[in-house]
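The values are calculated or read from the model by the stated rules, or taken from the named source; none is laboratory data. Computed from a predicted model, the values in this text were never measured in an experiment. Heads up, the Cβs are rebuilt from the backbone with ideal geometry, glycines too, and the neighbour counts pull from every protein chain shown.
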Amino acid sequence: MTNDILQNIDFTSKYLHVGVDELTIVIQPNEETIGEWSNHWNQIATELSEIIAEKLSLPSLFGEMVREQISPQGYTTSYSFENMPYFLRIAFHEGYLKMGIIIKFSASALNLYQQAYEHSYGKPIGVYEILKKLDEPYWNMHLSRIDFCADYLNFPLSVNDIYSNLKRKKFEIINYKGNCNHKKMSAIEIDTEAKTVTIGSRKKGSNSFLKIYDKLTEQLENNGRYAQLAQQFQSWVRFEVTFRGQYAKQLTKLILSLPSRDMLQQFIANKILEKYCLIDTETGQLTEYSEALINFSTCAPPLVIVSPRNNQLMQSIHYILKGSGFFPMLEKVKQIWGISAVALLLKRLLFEYEYNYKPNDDVANWLKKNALELQVLEFETYLDSVIEIFHIKNAPSSPESAKKPGRKNAE
């Protein structure tokens with residue numbers, strides 16, 4: 001939340017603001033970009049880091065790009081900017097091309113970047129514009145983490161009230177399917193009063209979790225950026241949702257598909273509600289917190305995690321791509337009879353599938369368990385994701401092994 005927003009708020013009224021707290025972006029150069037120069041990954045990554053910095057106008061805003069001693073976990077080479085006081089890093093691993101390049105903004109760094117950019121260029125910038133600037137055909141780009149937040153100013157309930165009501169089952173957190181979503185819940189308590197509540201797991205591999213905390217106390221006790229303004233509020237409760245892994249990747253495409261930046265706040269509200277909707281079990285109604293988000297929200301496709309059991313479909317597609325002998329068979333037919341024979345073979349296989357194939361009980365049982373969960377996904381998007389995962393899994397893990405010619409993408 002920027003200072004200009006806070007300064008225009010009526011400190012005596014309830015107010016909701018939604019936004020992005022922090023984000024991490026991964027950029028992986030495609031094989032066409034690397035070509036035969038994979039053994040020069042360190043040089044290529046350094047040059048691409050400079051290109052990324054220029055695309056985001058970071059040198060013009062914060063000065064020269066400088067090498068840093070501290071890198072994000074797992075990365076060996078890290079850059080920041082001489083006049084950036086907060087954690088902003090462009091980093092890569094010198095020995096692993098597959099890890100790509102990351103751009104990591106802490107909450108403070110992102111806030112300062114947005115303010116400096118608008119001051120210098122006279123127009124706002126946020127995650128929508130950042131992703132648009134970095135969306136290029138010569139690399140693959142996706143979010144690996146993004147934190148969406150909803151700030152409730154002068155709303156009546158405290159964090160401790162919410163926690164107590166959840167423990168007593170007066171409140172319940174549900175997802176868009178109507179399933180309870182707070183089975184894993186923990187709290188940081190001071191003098192038996194909950195100050196921070198975490199819903200879900202923060203462990204590696206978790207695709208999302210929710211943190212509810214007292215932002216007012218945090219700002220005042222830590223002398224935060226908004227401390228002087230914060231003390232004028234009666235209360236300030238933040239709902240902060242961290243999306244990682246598959247969810248973050250899906251969010252990348254969804255944000256890029258928004259018609260304009262004006263839709264971003266509604267989109268953020270929608271995604272928070274989709275996973276963490278707070279309801280009153282006694283009345284069956286939305287709580288005031290979720291009701292306020294509804295007023296922001298707009299329709300958007302749900303984020304779906306592919307569960308281990310329906311990973312079987314993805315594994316089957318991967319097996320056809322590598323290991324089944326299907327492509328070698330096509331190559332043999334092509335070399336003997338030409339590409340028209342390959343087309344004839346595929347047409348005949350489709351005919352045999354449509355008119356002569358009989359699914360067994362295993363297929364019927366699998367569909368009962370998994371069809372509904374997968375139907376919410378658009379198939380083309382799902383297929384693109386499956387193919388992308390295949391190529392990532394089978395990409396060379398080091399510059400020395402990256403010798404294969406580049407792959408083409410389906411139009």
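Among the strands (runs of 3 or more DSSP E) lying completely within segment 11-124, list those that include at least 2 residues that are at pLDDT below 90.
In segment 11-124, the matching strands (runs of 3 or more DSSP E) lie at 15-29.
When only residues in segment 65-84 that are of a type in the set (A, V, I, L, M, F, W, C) and surrounded by 17 or more Cβ atoms within 10 Å (Cβ to Cβ) count, which is nearest to Y117 (Cα to Cα)?
So the residue we want is M84.
Pull up segment 152-185, narrow it to residues that are in a loop (DSSP other than H, G, I, E, B) and among the charged types (D, E, K, R), then point me to the one that is nearest to T287 (Cα to Cα).
K170
Within segment 232-255, is there a residue that is closer than 26 Å to S13 by Cβ, in the same structural domain as Y176 (by TED's automatic domain parsing) and part of a helix (DSSP H, G or I)?
No, the conditions are met nowhere in segment 232-255.
Hey, could you check segment 170-206 for residues that are of a type in the set (K, R) and over 24 Å from N270 (Cα atoms) and say which is nearest to the chain's Cα centre (by Cα)?
Only one residue fits best here, namely K204.
Please enumerate the residues belonging to segment 92-136 that are buried (at least 20 other Cβ atoms within 10 Å of the Cβ), touching a Phe, Trp or Tyr at 6+ places or on another chain (Cβ under 9 Å) and not aliphatic (A, V, I, L, M).
Answer for segment 92-136, where residues must be buried (at least 20 other Cβ atoms within 10 Å of the Cβ), touching a Phe, Trp or Tyr at 6+ places or on another chain (Cβ under 9 Å) and not aliphatic (A, V, I, L, M): F92, H93, G100, K104, F105, N111, Y113.
Look at segment 38-66 and say how many of its residues are in contact with an Asp or Glu (Cβ under 7 Å, 6 or more places away or on another chain) and among the aliphatic types (A, V, I, L, M).
Adding up the residues that qualify gives 2.
Could you please give the count of residues in segment 125-150 that are farther than 30 Å from E32 by Cα and either in contact with a strand residue (DSSP E or B) (Cβ under 7 Å, 6 or more places away or on another chain) or in a strand (DSSP E or B) (or both)?
Going through segment 125-150 one residue at a time, the tally reaches 4.
Here are some residues: L210, L258. Which one is in a strand (DSSP E or B) and out of contact with any Leu (no Cβ under 6 Å at 6 or more places or on another chain)?
Result of the check over L210, L258: L210.
Any residue at all in segment 207-223 that's small (G, A, S) and surrounded by fewer than 19 Cβ atoms within 10 Å (Cβ to Cβ)?
No; the residues of segment 207-223 include none that is small (G, A, S) and surrounded by fewer than 19 Cβ atoms within 10 Å (Cβ to Cβ).
Being exposed (fewer than 15 other Cβ atoms within 10 Å of the Cβ) and among the hydroxyl-bearing types (S, T, Y) is the filter; apply it to segment 190-205 and report the residue that is nearest to W236 (Cα to Cα).
Within segment 190-205, the match that is nearest to W236 (Cα to Cα) is T192.
Within segment 77-113, how many residues are acidic (D, E) and within 19 Å of T33 (Cβ to Cβ)?
1
For segment 35-59, give me each residue that is touching a strand residue (DSSP E or B) at 6+ places or on another chain (Cβ under 9 Å) and either under 15 Å from F92 (Cβ atoms) or surrounded by fewer than 20 Cβ atoms within 10 Å (Cβ to Cβ) (or both).
W41, N42, I44, A45, T46, L48, S49, E50, I52, A53, P59
E32 passes all but one of (1) buried (at least 21 other Cβ atoms within 10 Å of the Cβ); (2) in contact with a Gly (Cβ under 9 Å, 6 or more places away or on another chain); which number fails?
(1)
What number of residues in segment 169-211 are over 22 Å from A248 (Cα atoms) and touching a residue at least 40 places away in the same chain (Cβ under 8 Å)?
4
Testing F62 on (1) without any contact (Cβ under 8 Å) to a residue 24 or more places away in the chain; (2) of a type outside the set (G, A, S); (3) more than 15 Å from I101 (Cα to Cα); (4) crowded, with 19+ Cβ neighbours inside 10 Å, one condition comes back false. Which one is that?
(1)
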